[in-house]
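First up is the structure itself, then whatever we jot down about it.
The values are calculated or read from the model by the stated rules, or taken from the named source; none is laboratory data. Quick caveat: nothing in here was measured; it's all calculated off a predicted structure. Heads up, the Cβs are rebuilt from the backbone with ideal geometry, glycines too, and the neighbour counts pull from every protein chain shown. Please note that ligands, DNA and RNA were not included when accessible areas were found on the heavy atoms of the full protein model with its side chains. Shrake-Rupley method; radii C 1.70, N 1.55, O 1.52, S 1.80 Å.
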Amino acid sequence: EIFALNVAEPKNVQGGNLFPTTPLLMRQGRLEAITWNGRAYELLGGFGRSIQADIHLNRIDDRALPASIATLDFTGVTSGPAGLSLTHEDSADIVVIDHLSGIPKPFKLDFGSLLSPNTVATSFRWSGIAYDRGLFYLSSNTHPVVVVASAATAEVVSVLGFEGDAPFSDVVVSDGQIYLPRDHNYFEERPPLLIFDLETLSTSPHSDADT
């Protein structure tokens, strides 16, 4: 199922089967991520398939991912100027599929001096990725942080730390706000969705992956 959240009224959550009449045929039957590329929805399967759907959620295309990355366990997808950018559970690198050649290329982040002494870049695993105004935003399922990196140079420009130990399950950036859903059980007091103004976070003192 795909769930839609009304951002003007966050408590109003709507859900339903994206393709009620057409089976969504993917290996393992899993749908891992969805993004809008400006023309169509891109839906990413857990193993090896990508689907496009129009604004009315009608299937446009169903295709296999390049063989070199088809067996990766993907966790997130976003659309940027270079093409589709994907995160996966096998490493901390991003995979960028060039929109012209269709060739996937690794995109290795450069943390510089932004890591704490007790943290290494390879310890990160991403649960989601979003692109906005030249920057990648990556939510982590191993640290309570969002890593912000240049989509042009791969340089990490900030590491936004958050209180608590619940990992984020995805990240969305829209209209100056960042949305962070968390793994959540109905009896837990912590909120299942965190919403922040990016302008506020940009001045946050949290820049340590152990925060």
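Select from region 194-211 the residues that are open to solvent by 50 Å² or more (accessible area, probe 1.4 Å) and either within 15 Å of the chain's Cα centre (by Cα) or modelled with pLDDT of 65 or more (or both) and list them in ascending order.
We begin by selecting, within region 194-211, every residue open to solvent by 50 Å² or more (accessible area, probe 1.4 Å); these are 195-197, 199-200, 202-203, 205-208, 210-211.
Correct list: 195, 196, 197, 199, 200.
Taking region 106-132, which residues are in contact with a Leu (Cβ under 7 Å, 6 or more places away or on another chain) and open to solvent by 20 Å² or more (accessible area, probe 1.4 Å)? Once the filter is applied, which keeps residues that are in contact with a Leu (Cβ under 7 Å, 6 or more places away or on another chain) and open to solvent by 20 Å² or more (accessible area, probe 1.4 Å), region 106-132 yields only 121. The number of residues in region 53-85 that are open to solvent by less than 40 Å² (accessible area, probe 1.4 Å) and part of a strand (DSSP E or B) comes to 11.
For region 179-193, which residues satisfy the criterion of being closer than 14 Å to residue 140 by Cα, open to solvent by 30 Å² or more (accessible area, probe 1.4 Å) and either modelled with pLDDT under 80 or part of a loop (DSSP other than H, G, I, E, B) (or both)?
Within region 179-193, the first condition is being closer than 14 Å to residue 140 by Cα, and the residues that meet it are 179-183.
Those still in the list that are open to solvent by 30 Å² or more (accessible area, probe 1.4 Å) too: 181, 183.
The one that is closer than 14 Å to residue 140 by Cα, open to solvent by 30 Å² or more (accessible area, probe 1.4 Å) and either modelled with pLDDT under 80 or part of a loop (DSSP other than H, G, I, E, B) (or both): 183.
If you go through region 34-86 and keep only what is in contact (Cβ under 8 Å) with a residue 24 or more places away in the chain and of a type in the set (Phe, Trp, Tyr), you end up with 36, 47, 74. The residues listed here are 92, 149; of these, the one that is open to solvent by less than 40 Å² (accessible area, probe 1.4 Å) and touching a residue at least 40 places away in the same chain (Cβ under 8 Å) is 149. Restricting region 35-52 to residues that are under 20 Å from residue 136 (Cβ atoms) and of a type in the set (Phe, Trp, Tyr), the residue that is least open to solvent (accessible area, probe 1.4 Å) is 41. Confirm whether residue 170 is open to solvent by 50 Å² or more (accessible area, probe 1.4 Å), under 13 Å from residue 194 (Cα atoms) and out of contact with any helix residue (DSSP H, G or I) (no Cβ under 7 Å at 6 or more places or on another chain). When the stated conditions are applied, residue 170 passes them. The set of residues in region 145-178 that are out of contact with any Ser or Thr (no Cβ under 7 Å at 6 or more places or on another chain) and modelled with pLDDT under 85 comprises 162, 163, 164, 165, 166.
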